[in-house]
Amino acid sequence: MEQKKRVCIIGAGVSGLAACKYLLERGFQPVVFEADRSIGGLWKSTSASTRLQTARWDYQFSDFPWPEKVTEVCPDSKQVMEYLESYAERFDLVRHVRFGEKVEGIEYVGVAEEEMEAWDLWAGTGGAFGGGRRGVWHVTVRQEEDGAVEVHIMDFVILCIGRFSGMPNIPTFPKNKDSEVFNGKVIHSMNYSNMDSTAVTKLVKDKQVIIVGYLKSALDIAAECAKINGPRYPCTMIVRTKRWNISQLEAWGIPINYMYLNRFSELLLHKPGEGLTLSLLATILSPLRWIFSKFTESYLKKTIPMKKYDMIPKHSFFQGVASGLLAVLPEHFYDKVEEGSIILKPSKTFEFSKNGVLIEGEVTPIKADLVIYATGFKGDQKLRNIFISPWFQKVVAGTKDMIVPLYRCRECIHPQIPQMAIIGYSESISNVYTTEIRARWLACLIDDGFILPSKRKMEKNILEWDKYYKTYSGNSSECYRRSCITSVHTWYNDQLCKDMGCNPRRKKGFFADLFIPYGPTDYVGLELKK
Ligand SMILES: Cc1cc2nc3c(=O)[nH]c(=O)nc-3n(C[C@H](O)[C@H](O)[C@H](O)COP(=O)(O)OP(=O)(O)OC[C@H]3O[C@@H](n4cnc5c(N)ncnc54)[C@H](O)[C@@H]3O)c2cc1C
């Protein structure tokens, strides 16, 4: 029997664990390099109050339900960590992980770049490992303990390094307006999340805190600061882009996923690669999209005092869902705003002064002792940095004018980069759900289950997806340079199922299939039922 090829996975968060599990099922023995000392990725160090924003039945692996003792709709980060640890234990994944081993660089060796560029098929043959003239990956790993460096030779590399961790995005300023002139302390949400609650209290107690940002981490940190300090030392949030942050997953009694996340709602959209009939249907039904969006917005405006605090976004709720740029508000968030523990300040820009921060339209700086950037991460830069070749660095994350970076035939294969896949860089309704099905598809590809179409076809498909994003998430530079398949997740899953030769229709009955949203458990035993 032919020896199974050498495959490595970089990162042991949700994505790395799923990739490892499905490769093991197909008889591979992957090596997982993890820079840290434990599994779980970003869930190891979120701020204490962080909870899932997704319902737990969506944030689960298809064949591994949450334990019965967890009854919360949105479990907290400790519960998520426990869930991931039991998953790793149940499928015996930990022994494949090399902890404290950071990959410093990967290099494709054996084929010249010009030759690669000339291939019509990905990796030369369209199969995971390429043909006779294929190369190998040299993976340079540094051990945390003693600094020793080793080079491992691999036939296939799966990057699961995380889009929302590791490399903070820090805003830049003109000279003399940056944090250098500020007398207080400036940190990123990543540093905050790494602290325990005693250290957080010490940092924040009786301090004037400013938080920059208005998505999940910003909201959680603001709620924690408000709890520690109350209205005596209010915490100010500088909000560049107003978001449809919601307090529950329904509007006027109707679950949001029945309006935005089922096969019916996908009929209202022009989908990449659709035929004439679906295209006509999408055009005819498109007014419904507007109606659903206004229906939800009316509920949010009624139940959340957004108008009072000038927090109504310019974009539609539908655009927020399509781009994945909305968050679930921490419990009683607006009560804290009402009592004055949190102050919301919309401002497109800001600059530092000696004692605080000056925002648009104001002449006096807001006083501050501590500024916390909850401004996200540089996921694309992190991706570039792992490649040694400048050519791969250039192609891996696409260009600025392309909303979707080019790492994504089926959201994980880059047409120009052979024998490599990226998992965890495109988001959805729930990242565990999406990552898992992607990992299954990838394991099938690696196990010679199918071959990829020509590079030209892959690139055409990528352009179709780019058009989809620009149409539905919006083309404005302020929010939407994101790869998020939330609004067409079932359509996306259908393509993966078809590639794998599996039946994409997973529900019993026409109406159930059309109206009941798909979730992880619909795909249990996917590979068995062709
Ligand atoms: C605060 C917060 C809340 C979130 N809530 C939700 C939610 O409710 N629902 C949802 O669907 N998604 C949520 N997400 C998105 C989240 O990113 C995903 O759900 C998922 O956990 C990402 O997993 P990952 O494995 O792709 O990346 P990560 O969890 O970031 O893991 C990457 C791993 O790779 C390792 N690594 C990186 N570089 C190297 C290297 N060079 N060498 C070796 N190891 C390396 C890291 O140490 C890390 O362990 C949230 C994200 C954040 C930040």
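We did not get these values from a lab; they are worked out from the coordinates using the rules stated. As the structure is a prediction and not an experimental result, all values here were calculated from the model. Ideal geometry is used to build each Cβ from the backbone, glycine not excepted, and the neighbour counts take in all protein chains shown.
Calculate the FRET efficiency for residue 180 and residue 385 from the Cβ-Cβ distance with a Förster distance of 30 Å, rounded to the nearest 0.05. Display every interim value, and only then the final one.
Numbers: r = 25 Å, r/R0 = 0.85.
Efficiency, from the Cβ-Cβ distance: 0.75.
Going by alpha carbons, how many degrees (0 to 90, nearest 10) lie between the helix axis of 216-229 and the longest principal axis of the chain?
30
For residue 274, what charge total do you get from the other residues with a beta carbon under 10 Å from its beta carbon, if Lys and Arg give +1 and Asp and Glu give -1? Please report the intermediate quantities before stating the final value.
Values: positive: 271; negative: 266, 464.
Result for the local shell: -1.
If you average 1/r across every pair of different Cα atoms in the chain and take the reciprocal, what Kirkwood value do you get, in Å? Before the final figure, lay out the partial values.
On the way: mean 1/r = 0.0410 Å⁻¹.
By the Kirkwood definition, the hydrodynamic radius is 24.4 Å.
Please arrange 34, 527 by counting, for each residue, the other beta carbons lying within 10 Å of its beta carbon, fewest first. Don't skip to the answer; put the middle values down first.
Values: 34 24, 527 17.
Fewest-to-most Cβ neighbours within 10 Å comes out as 527, 34.
Place the peptides 369-378, 124-133, 509-518 in order of packing, highest mean first, counting for every residue the other Cβ atoms within 10 Å and averaging per peptide. Please report the intermediate quantities before stating the final value.
Values: 369-378: 21.2, 124-133: 17.4, 509-518: 14.6.
The most tightly packed comes first, giving 369-378, 124-133, 509-518.
Expressed as an acute angle from 0 to 90° and rounded to the nearest 10, what is the orientation of the C-alpha long axis of helix 455-472 relative to the principal long axis of the chain?
Relative to the chain, helix 455-472 is tipped by roughly 20 degrees.
In debye, nearest 20, what is the charge dipole magnitude of segment 179-373 about its Cα centre with +1 on Lys and Arg Cβ and -1 on Asp and Glu Cβ, if you could check? Don't skip to the answer; put the middle values down first.
Numbers: 24 positive and 18 negative charges, 51 e Å.
Here the size comes out at about 240 debye.
What ranking do 207, 4 get, fewest neighbouring Cβ atoms within 10 angstrom at the top?
Values: 207 18, 4 15.
Sorted ascending by nearby Cβ count, the order is 4, 207.
Which loop-located chymotrypsin sites (Phe, Trp or Tyr not before Pro) does segment 187-257 contain, where loop means any DSSP state but H, G, I, E or B and the Cβ has at most 12 other Cβ atoms within 10 Å? Show your work: numbers first, answer last.
On the way: sites: 192, 214, 244, 252; in loops: 214, 244, 252.
Hits after loop and neighbour filter: 252.
Hey, what D do you get for segment 75-123 in µm²/s if you plug the Kirkwood alpha-carbon radius into Stokes-Einstein at 25 °C and 0.890 mPa s? Kindly include the intermediate steps, with their values, before the conclusion.
Values: Rh = 15.0 Å.
The Stokes-Einstein estimate is 163 µm²/s.
Multiplying the sequence separation of residue 332 and residue 457 by 0.36 nm and subtracting their Cα-Cα distance, what value in nm do you get?
Details: separation 125, 0.36 × 125 = 45.00 nm, distance 4.95 nm.
Stretched fully, the residue 332-residue 457 segment lengthens by 40.1 nm.
Just add up the charged neighbours of residue 326: K/R +1, D/E -1, any other residue whose Cβ is under 11 Å from the Cβ of residue 326.
Details: positive: 216, 242, 243; negative: none.
Residues close to residue 326 contribute a combined charge of +3.
Which one, 184, 249, 518, projects farthest toward the positive side of the charge dipole computed for the chain from Cβ point charges (K/R +1, D/E -1)?
Towards the positive end, the residue furthest out is 249.
Just to confirm the filter: which trypsin sites (Lys or Arg not before Pro) across segment 301-333 are DSSP coil and have at most 14 other Cβ within 10 angstrom of their Cβ? All intermediate terms of the calculation are to be shown ahead of the outcome.
Working: sites: 301, 302, 307, 308, 314; in loops: 307, 308, 314.
Listed in order of number, the matching sites are 307, 308, 314.
Treating only the Cβ atoms of Lys and Arg (+1) and Asp and Glu (-1) as charged, compute the dipole magnitude of segment 417-530 about its Cα centre; round to the nearest 20 debye. Display every interim value, and only then the final one.
Numbers: 17 positive and 13 negative charges, 57 e Å.
With only Lys, Arg, Asp and Glu charged at Cβ, the dipole is about 280 debye.
Given a Förster radius of 41 Å and the C-beta distance between residue 503 and residue 205 as r, what FRET efficiency does 1/(1 + (r/R0)^6) yield to the nearest 0.05? Please list the in-between numbers first.
Values: r = 57 Å, r/R0 = 1.40.
Once the sixth-power term is evaluated, E becomes 0.10.
Once you keep just the Cα pairs under 8 angstrom separated by 6 or more residues, what percentage relative contact order results for segment 179-373?
38
Let me check against my output: what whole-number percent is the relative contact order of the chain, with C-alpha pairs under 8 Å and at least 6 apart? Could the numbers behind the result be given before it?
Working: 991 pairs, mean separation 113.9, N = 530.
Relative CO of the chain lands at 21 percent.
Output the peptides 410-417, 9-16, 218-225 sorted from most to least packed, where packing is the average of other Cβ atoms within 10 Å over each peptide's residues. Don't jump to the answer; show the numbers that get you there.
Values: 410-417: 23.2, 9-16: 28.1, 218-225: 25.6.
Result, highest mean Cβ count within 10 Å first: 9-16, 218-225, 410-417.
Taking the alpha-carbon centroid of each part, what is the distance from segment 120-146 to segment 269-303 in angstrom?
Centre-to-centre (Cα) distance: 42 Å.
Which of 496, 105, 83 sits closest to the plus end of the dipole of the chain, meaning its Cα is farthest towards the positive end, when Lys and Arg get +1 and Asp and Glu get -1 on the C-beta?
496
I'd like to know how segment 179-373 sits against the 2.2 N^0.38 Å rule of thumb: what's its Cα Rg over that expected value? Intermediate results must be reported in sequence, preceding the final value.
On the way: Rg = 19.8 Å, N = 195, 2.2 N^0.38 = 16.3 Å.
Here the answer is 1.21, to two decimals.
With a sphere of radius 11 Å drawn around the Cβ of residue 168, what net charge do the other residues whose Cβ falls strictly inside it have (Lys, Arg +1; Asp, Glu -1)? It would help to have the intermediate numbers written out before the result.
Numbers: positive: 378, 382; negative: none.
For residues surrounding residue 168, the net value is +2.
Let's see if you can work this out: charge +1 on each Lys and Arg Cβ, -1 on each Asp and Glu Cβ, no other charges. What is the dipole magnitude of the chain about its Cα centre, in debye to the nearest 20?
Details: 69 positive and 61 negative charges, 251 e Å.
For this selection, approximately 1200 debye.
Check each of the GluC sites (Glu not before Pro) in segment 135-175 and keep only those in coil by DSSP with at most 10 other C-beta atoms within 10 angstrom; list them in order. Intermediate values should be presented prior to the final figure.
Numbers: sites: 144, 145, 150; in loops: 144, 145.
Passing both the DSSP loop test and the Cβ count: 145.
Provide 90, 240 in ascending order of the number of other Cβ atoms located within 10 Å of each residue's Cβ, fewest first. Don't jump to the answer; show the numbers that get you there.
Working: 90 12, 240 17.
The fewest-first ordering by Cβ neighbours comes to 90, 240.
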